[in-house]
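Report on the structure given below.
Derivation of every value follows stated rules applied to the coordinates shown; laboratory data play no part. Please read these numbers as outputs of a predicted model, since none were measured by experiment. Cβ placement follows ideal geometry from the backbone for every residue including glycine, while neighbour counts extend to all protein chains displayed.
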Amino acid sequence: MRLSTKGRYGVRAMFDLAMHSQEGAVTLKSVAQREHISEKYLEHLFASLKKAGLVHSVRGAQGGYRLGRSPEEITLGDIIRVLEGPISPTECVLEGTGSEDCIRAPECVMRLVWCRVKEQINAVLDDVTLADICEEQRKMRGEGFMYHI
């Protein structure tokens, strides 16, 4: 399973929004510059994120976007499912496609493996929040630590 640019860029943009959320509404232009993503492409992604309630737009001179919920409440799984659709390594374990009706399903051992892979991928993505990756970024930068000599 590979994420498309929609999923990867969407996570990066939401991460950027979370990192700069204390500054108020964040413009797509500033996100585009920091993340090296086309502003037009971000507009497309943010339309989907807004529709799903993950971001809110703010109009006016100080306008831009804000997170729709706190960074602790938005998981990577939330973002990726909005932009990419259901997360599944194969079609045979993708719910709602009719593939559950496959005549081989009852005796297919690989389907059991793909179900486990799907469950693990979803569990990891649903366990990591924007707050978690913001905290990791701050640790990588050495922010929040005081060194005394």
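Couple of notes before you dig in:
- V113-K51 pseudo-label distance in nm [points 7 Å out on the Cα-to-Cβ vector]: 3.6
- Considering only the Cα atoms of region 42-146, their convex hull presents on average a projected area of 9.8 nm².
- Dipole axis of region 10-93 (+1 Lys, Arg; -1 Asp, Glu on Cβ), positive-most option in I74, A47, V93: A47
- Pairwise FRET efficiency - S4 versus S30, Cβ, R0 = 30 Å, nearest 0.05: 0.80
- Separation between Cα centres of region 102-125 and region 29-43, rounded to whole Å: 36
- In terms of other Cβ atoms within 10 Å, I87, I79 run from fewest to most in the order I87, I79.
- A simple rule links phi to the HN-Hα coupling: the Karplus curve 6.51 cos²θ - 1.76 cosθ + 1.60 with θ = phi - 60°, which for region 50-62 gives 5, 4, 7, x, 7, 9, 10, 8, 10, 8, x, 4, 9 Hz, with x for Gly and Pro.
- For region 130-138, 3J(HN,Hα) per residue [Karplus equation, 6.51 cos²θ - 1.76 cosθ + 1.60, θ = phi - 60°, Hz, x = Gly/Pro]: 4, 4, 4, 6, 5, 5, 4, 5, 5
- Rounded to 10°, Cα long-axis angle of helix 5-19 versus longest principal axis of the chain: 40
- Projecting the Cα atoms of S21, V117, Y65 onto the charge dipole of region 1-135 (Cβ charges, centred on the Cα centre) puts Y65 farthest toward the positive pole.
- Choice from E73, E95, E84 with maximal GNM fluctuation in the chain (Cα, 10 Å cutoff): E95
- Its Cα centre serving as origin, the chain has a Cβ charge dipole (Lys and Arg +1, Asp and Glu -1) of approximately 540 debye.
- Stretched out straight at 0.36 nm per residue, the stretch from R104 to K139 would grow longer than its current Cα-Cα span by 7.7 nm.
- Candidates T75, T129, T27: whichever shows maximal mean-square fluctuation once the chain is modelled as a Gaussian network with Cα springs under 10 Å: T27
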